[in-house]
Structures are given as C-alpha cells and as structure tokens.
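Novice: Have a look at this one.
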Amino acid sequence: MTDIGFTARSVAVMAAAYAAVVPLLEVPSGVLADRSSRTRMMACGTVALLVSSLLGGLSHNVPTYIAAAMVLGVYFAISSGTVDSIVYDMVIEETGSSDSYEMWIGRVRLVESCALVISALGGGVLAAVTSARATYFFTLPFIAVAVLVFLRVDEPRLHQEGERVAVRAHLAQTYRTMITEPAVRQVMLLAALVGLLSQAVFEFGPLWLVALAAPAALFGPYWAALVATLGIGAVITSKIDLDRRGTTAVLAVVTAGAAATLALTHSLTAVIVAQAVLALMLAIFGIHAGKVLHDCVPSNVRAGVSSGVGTLSWMLFLPFSLAFGWFAHSQGVVRAGWFFAVAAALIAILSITTTVTSRPLPEPEEPELACQQFVELVTGYLDGALPAEQRDAVRAHLDTCDGCSDYLHQVQFILQALAAAGPQKPV
C-alpha cells in the first residue's frame, strides 16, 4: 500500500469510507433480497467482489484503491444476513424444522474458515514468488466461478410464498419486526455484541503481541490459530445443545474469563490462548444467536432483519474502537483489555437471559389486508357499513399502500362529481 502512496492518514480515510458503505447498504440489500432472489443478490454481491479485486490489482494511486475498498464494502453489505437466511430456509424446506440449522451453517463456516487459511497461505507464497499485485488478479477466476454457481443454485422459495406488498410496507414490516418485538431486540443486541467483540479481537488482538514484544515469527501461527477458531467453533456448535441453560452458562463464564485474562496478564502465552478461546466462544455464540434470531422472524423479512444485526454491530463498533484506541494509547493495551471484558460480560449475561419462543415452521406473514380485498370492501367502507375490525384493517392498509389510496381518492372524486350533477331528468 505504501508503494502507491498510502500514509497513516489515507489509510484512516479508506477505513472510514469502507465503514460508511457497509452499514448504509446492509438493511436495504437485505430487504431487496427478501423481495426477490437471494441467490441472485449474492451473485450481484460477488460481482462487486470481482470488481473490487480488479480495481485493487489495477490501482496505482490512493483514490483508486479507496474505491476498491468501498466496492468491497458493497459485497460485505449484500452477503451480510443473506447467506444464513438461504441456509435457514433451505433447512426448513428440507426438514420441516430449524433443528439442524446450526449443523449446516456450521459446515458453511467451516468451509469458509478452511478457505481463509488456504488463501492466506497460498496468497503469501504467490506474493513471494510474483508480487502482491498479482494476488488480486489470481482471485478473479475463482470469484467468476462463484458468480456462476450462485446463478445456478436452486434456492428455497419460502420468503416468496406470501403476497407481494409495496416496498414501503415491506420496509415498515422489517423495521417493525426489529424494533417492536422485545425478543427480537434482545437477540439482535446479543448478536451485534458478539459481532463487535469478534471484530475487535481480529482488529486489535495483534496489539497485545506488539506490546509484549512477540517475535515476528509468532504472528503467522497466531493469526492462523485465530482464523481456525471460526471453523472449530462451527463444528462444536453442531455438537452441543445451547438451548440448555447450563451449557450456555458454562460457555458464558469461559467467555468472560478469557476476556478478563487480557486485562490481567502480561504473559504472551496466556494472551494468545485467551484470545483464541475468546474467538472460539464468540464463533459458537454467533452461530447460535443467528439461529435464535431466525426462529423469531418470518421468512419474508429474514434477510433484512439479519442484515440489521450487522448494521447495529457496526454502529456499536465505531464508538467502541475510538474509545479503545484512546484508552490504549494513554493507559496501555493491557489495561484497555477491560473494554473486552465488559463487552464479554454483557454477552455472557444476554446469552443466559435470552429466552425466545421459537416458531416451529416460520411462514411469511400475510399482509393485514390484500389489495383485492380492499377493492371488495371499498363500497362498505365509504358507506360506513363495515364492522370496526374491517374498518381498522382498511385504514391500516391505506397507510401502507399508495395505489389503494389513489384508487380510493378517485372513487371519492367520481362520487362527488355524480352527487354535484344531481339526478338526470328523463327526456
């Protein structure tokens, strides 16, 4: 990056630009995935990944590389919440329940973890043999194959079974699901905190090694251990029952203890082990929180709500990272570990106290009143002859459907014109 003119300031600008793209696009892209084809949305996101890699390889100046980072943010925004929604609905359609979701999403995470390790090792070798720029171009064929695979995947259609509603109504239902249901709010907060702390471990964890003067040769195995926890956590999650309060409590205590260790020790070995254990526990809680969240929401808003977790996590991570950076600069990295400990304690409490009544077979919510029903009821509504329940349903539908509102105004205008004309005299 320094070869094309990056400085500490321009790196910060790039990080800010990337961080702005992801939370802005996550929920809108999730809603669009719920309204159309999730696999085609993933294909679009993967095309963005291809464009980002191409721009990164071709960039010879800072603005081009920042543009590549922003396009990469588009990929992460689209994939956030969409992949796990596809897996969840596929499990529902194939098995009739979500019991095996953790096993299948665990397998997906395991494959992702293995791919990260292989690509990291392969990328290092390729960069040593050729150049860092060549690694960008080497990824392009693999990304292109991924686009073709997404286009050919036979995705589940559970999210498309309900009657299609207006975009405004769909957005309103998505945000209403996230905001008004206490169970959803709590599990979203849990999942967002897990995402925050997991990102903090991967972003700030190496600072402990720098502060404790770790040898350069240790950074490679250390990073490999952290990345491996994603796959190991996925395997463990499929083998244990996190619906049992006792199991969850044990893992919660281990999580809090591992985070507290970072603030209490100056032992390099203890720090590496604590970070690996913490990353492992967060991987387990992240998968389970995703299952609980999907159990709480209907399929037609699943990707949108799940993407909302990513947005909330980003919103929490920004002030967390600023406060952590300021405190670590003034007091030292080890003392700043208490930020990790507090976040881990909140995760431990939420994981134990989160209780959700899961739906055995989530179905898309039907709209309160379909447009066809409205047309059939409009005469009774104008005459004031509808029962109170139907009248309230009509009013609620008018609040969310511009087409029916326009139709009602046209009918009222015609009736007023006929009334003004008076009765016709016989000829």
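Computed from the coordinates by the stated procedures, all read-outs in this text should not be read as laboratory data. No experiment lies behind these values; they were computed from the predicted model shown.
Novice: Let a ≥ b ≥ c be the square roots of the eigenvalues of the Cα gyration tensor of the stretch 56-125; is it rounded (a/c under 1.5), or, if not, prolate (a/b larger than b/c) or oblate?
Specialist: It is oblate, given that a/c is not under 1.5 and a/b is not larger than b/c.
Novice: Before anything else, pin down the relative contact order of the chain: Cα pairs under 8 Å, at least 6 apart, normalised by residue count, whole percent.
Specialist: 24
Novice: Now a separate question. Shape verdict for the stretch 223-281, please, from the Cα gyration tensor: rounded (a/c under 1.5), prolate (a/b greater than b/c) or oblate.
Specialist: oblate
Novice: When Cα extents along the principal axes in Å is calculated directly from the model, which label among [x] 69, 54, 47; [y] 67, 59, 44; [z] 105, 54, 45 fits?
Specialist: Looking at Cα extents along the principal axes in Å for this model, the match is [z].
Novice: Which residue fluctuates most in the GNM of the chain (Cα springs below 10 Å): ILE78, ILE92, ILE240?
Specialist: It is ILE240.
Novice: Additional query: Just to be sure I understand: with springs between alpha-carbon atoms less than 10 Å apart, which residue in PHE340, PHE320, PHE285 has the highest mean-square fluctuation in the Gaussian network model of the chain?
Specialist: Of the options given, PHE320 has the highest mean-square fluctuation.
Novice: With θ taken as phi - 60° and the coefficients 6.51, -1.76 and 1.60, list the Karplus ³J(HN,Hα) couplings across the stretch 146-151 in order, rounded to whole Hz; mark glycine and proline as x.
Specialist: 4, 4, 5, 5, 4, 5
Novice: With springs only between Cα atoms under 10 Å apart, run a GNM on the chain and tell me which of VAL210, VAL83, VAL71 wobbles the most.
Specialist: Judging by the Gaussian network model, the answer is VAL210.
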